[in-house]
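Reading through the structure tokens given below for one structure.
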Amino acid sequence: MPETKASPVFLTAREAQVKLRIGRNMIYDLARRREITYIRIGTKLLFPEEELESFIRKNTVPAKKNFFGSHRYQDSRGAA
């Protein structure tokens, strides 16, 4: 039997806010500003889980490499 793509999973606003670890108002603000994708059914908003994961990836800030400029930490006097 050929593989079929799994149907999308939709999260409620509460589930989405838990996944993103943000407050109730913030999830609605992100939706209002169209920073996250949602589906409106009547007054209910549903958030595609795949889109939330994409939002997380797009908003992830990578760490700097060689943050201190060398392998050893140097204080402000230049001593190692």
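Out of the residues in the range 29-48 that are assigned to a helix (DSSP H, G or I) and surrounded by 15 or more Cβ atoms within 10 Å (Cβ to Cβ), which is farthest from the chain's Cα centre (by Cα)?
Looking at residues that are assigned to a helix (DSSP H, G or I) and surrounded by 15 or more Cβ atoms within 10 Å (Cβ to Cβ), I get Ala31.
Which one of these is in contact with a helix residue (DSSP H, G or I) (Cβ under 7 Å, 6 or more places away or on another chain), at pLDDT below 95 and either not in a loop (DSSP other than H, G, I, E, B) or not charged (D, E, K, R) (or both): Pro2, Pro8?
On inspection, the qualifying residue turns out to be Pro8.
The values are calculated or read from the model by the stated rules, or taken from the named source; none is laboratory data. Quick caveat: nothing in here was measured; it's all calculated off a predicted structure. Positions of Cβ are backbone-derived with ideal geometry, glycine not excepted, and every protein chain shown enters the neighbour counts.
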